[in-house]
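The structure appears right after this line, and notes come after that.
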Amino acid sequence: MKNVLGMFLALVFLSCSTKKEDSEQVVDIQIEEKGFLTKTKEIFIDSDEVKNDRRLTYLTDMITKYPDYKLVLEFFNSDNNPYILEANGDLYKIIDSQIDDAGSKVYKYEDVLTYFYKAKENFYIYSFSIDNAKKLSCTSVRRIGDGLFKTDMHDIVFEDHKIVKEDYKGEVSTKFYKEGKQQYFRYSNKVNGDKVVHTLNLGTIKEF
């Protein structure tokens, strides 16, 4: 993720200073059938302005609901941040999470200061703390490989803002998916021979 906070401020400015354009653009696609008959199909796609409006609405809503969200945006936009292991990722607040232990016990967690970061090569789960002075600190980073089959999971250990260890946590299966209007991430592994499933609720789907 790059310059998201700056983008948010720019979107606020643009939404106040630009004139509304058409919300959709029309693209004609010609489909040839049997070599001589051509049909034209109209496909409507969202304009850049509509996408920017949706992005602004999403960011404004998140900052209003969750005071920590703006602090985390600033964290991810800080220069030379050693905790950001891949640039240009997509950030989600983990609204709540659930652990299904061998199908018999379900543990739910809410209001935990954790964020999900989807990068090109890996998924990351960040945990934070905020002190009385409203200073944000990263307390843990978990990296999960993005692959079609089983992939490795590591906890990245920092000391003095430097990586000192990558603690291997085993192989997991992953799924980044949508259900209704919500975005989810799921990863599962075997613990003492039993399947344990972790499901993260990442909030409203980003439609921009």
Mean projected area, convex hull of alpha-carbon positions in region 74-140, reported to one decimal in nm², is 5.9 nm²
Under the Karplus relation with 6.51, -1.76 and 1.60 and θ = phi - 60°, whole-Hz ³J(HN,Hα) for region 167-180, x at Gly and Pro, equal 8, 5, 10, x, 8, 9, 9, 10, 8, 9, 8, 10, 9, x
Region 61-100, accessible surface, carbon-and-sulfur percent (1.4 angstrom probe): 45 percent
Take the Cα radius of gyration of region 109-208 and divide it by 2.2 N^0.38 Å, with N its residue count; two decimals is plenty. 1.18
Any chance you could check the Cα centroid distance between region 136-208 and region 91-135 for me, in angstrom? 9 Å
Which value, in Å² and to the nearest 10, is the accessible area of residue 130 when all protein chains are kept and the probe is 1.4 Å? 70 Å²
Region 41-116, Kirkwood Rh and Cα Rg, ratio Rg/Rh at 1.11
Net charge over other residues, Cβ less than 12 angstrom from the Cβ of residue 60 (K, R count +1; D, E count -1): +2
Can you give the extra length, in nm with one decimal, that the chain gains between residue 190 and residue 99 once fully stretched, where that is 0.36 nm per residue apart less the Cα-Cα distance? 31.5 nm
Calculated from backbone phi, Karplus (6.51, -1.76, 1.60) coupling profile of region 73-89 in Hz, x at Gly/Pro: 4, 5, 4, 6, 9, 6, 6, 6, 7, x, 7, 8, 8, 9, 7, 6, x
Note to self: with every protein chain in place and a 1.4 Å probe, region 106-193 gives an accessible area per residue in Å² of 66 Å²
Once phi for every residue in region 148-158 is put through the Karplus expression 6.51 cos²θ - 1.76 cosθ + 1.60 (θ = phi - 60°), the whole-Hz ³J(HN,Hα) values, with Gly and Pro written as x, are 6, 10, 5, 9, 7, 10, 10, 9, 8, 9, 10
Taking amide H atoms as placed 1.01 Å from N in the peptide plane, list the residues 5 or more away in sequence, or in a different chain, whose amide H sits under 5 Å from that of residue 158. 164
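The values are calculated or read from the model by the stated rules, or taken from the named source; none is laboratory data. Computed from a predicted model, the values in this text were never measured in an experiment. No Cβ is skipped: glycine too gets one built from the backbone with ideal geometry, and neighbour counts run over all protein chains shown. These area figures cover heavy atoms from the full protein model, side chains too; ligands, DNA and RNA do not enter into them. Shrake-Rupley method; radii C 1.70, N 1.55, O 1.52, S 1.80 Å.
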